[in-house]
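**Q** The structure follows.
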Amino acid sequence: VNFLYGSPAFAVSVAAQIDGVSVAGAVVEPVDGRCWSAVRGQGAWLDGRPLRVSSADRLDLTLVATGFSYGAERRERQARVIANLLGHVRDIRRPGAASLDLCAVAAGWTDAYFEHGLHRWDWAAGALVAAEAGALVSLPGEDPGLGADATFAAAPGIAGPLRDVLVASGAQDV
């Protein structure tokens, strides 16, 4: 959608998976030419430079990225979760490209990312990049407390408290 609207925040994202687990991935931003990449167990890079997540350890200073459904009813439920979350974190970002949002966590540009309803192609490469940069990552189906189709990636120092606030905010019902 970003591409169709002329926004430069779009990417081409490709991952290799074995038995449903990403083992290699790349996210390329055509407009600025950046290339994010990762290999399971070998790290993550942005244009060949190693990536590390932020050292965030205070939820009140956490910058969180998210996205919203195209369905109005689900978007309303997501907005309720965000409304509650805003009182606990520094701010929310919503660039609109899940693969890039996950890579931003890997680079430490944001401290966390969560979203419901993504497709495998949205997260397969970006989640690997985030995990290999040190993020704690939960993929759809892995954490029922966040919701059956939730994707979550966060710096280790705030992952637990952020998850707790999301659960308390009703994330599992989105």
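The values are calculated or read from the model by the stated rules, or taken from the named source; none is laboratory data. All of these numbers come straight from a predicted model, not from anything done at the bench. No Cβ is skipped: glycine too gets one built from the backbone with ideal geometry, and neighbour counts run over all protein chains shown. Ligands, DNA and RNA are stripped out before the accessible areas are found, and what is left, the full protein with its side chains, is counted by its heavy atoms. Shrake-Rupley method; radii C 1.70, N 1.55, O 1.52, S 1.80 Å.
**Q** Return the carbon/sulfur percentage of the accessible area of the chain, one whole number, probe 1.4 Å, all protein chains in place.
**A** For the chain, the apolar C and S fraction of the accessible surface comes to 55 percent.
**Q** So for the chain: antiparallel DSSP bridges make up what percent, rounded to the nearest 5?
**A** Here the share of antiparallel DSSP bridges comes out near 80 percent.
**Q** The chain: D in µm²/s via Stokes-Einstein (Kirkwood Rh, Cα pairs, 37 °C, 0.692 mPa s)?
**A** Estimated via Stokes-Einstein, D reaches 208 µm²/s.
**Q** Under the classification rounded if a/c is under 1.5, otherwise prolate if a/b is larger than b/c and oblate if not, where does region 27-114 fall, given a ≥ b ≥ c as square roots of the Cα gyration tensor eigenvalues?
**A** oblate
**Q** Whole-Hz ³J(HN,Hα) for each residue in region 118-132, computed from phi via Karplus 6.51 cos²θ - 1.76 cosθ + 1.60 with θ = phi - 60°, x for glycine and proline: what do you get?
**A** 6, 9, 3, 5, 6, 10, 4, 7, x, 5, 5, 4, 4, 4, 6
**Q** Considering only DSSP states other than H, G, I, E and B, which chymotrypsin sites (Phe, Trp or Tyr not before Pro) in region 1-107 qualify as loop sites with at most 15 other Cβ atoms within 10 Å?
**A** Here the sparse-neighbourhood loop sites are Phe3, Tyr5, Tyr70.
**Q** Same structure again: Each residue of region 83-95 in turn: what ³J(HN,Hα) in whole Hz from Karplus with 6.51, -1.76, 1.60 and θ = phi - 60°, glycine and Pro shown as x?
**A** So the Karplus estimates, Gly and Pro as x, are 4, 6, 4, 4, x, 10, 10, 5, 5, 10, 10, 9, x Hz.
**Q** Grab the other residues whose beta carbon is less than 14 angstrom from that of Arg52, score K and R as +1, D and E as -1, and report the net.
**A** Once all neighbours under 14 Å are counted, the net charge is -1.
**Q** Under 5 Å between amide hydrogens, which residues at least 5 positions from Gln17 or on another chain qualify, with H placed 1.01 Å from N in the peptide plane?
**A** Val23
**Q** If we sort 102-114, 137-149 on the protection proxy, mean other Cβ atoms within 10 Å, highest first, what's the order?
**A** Put in order of decreasing packing, that is 102-114, 137-149.
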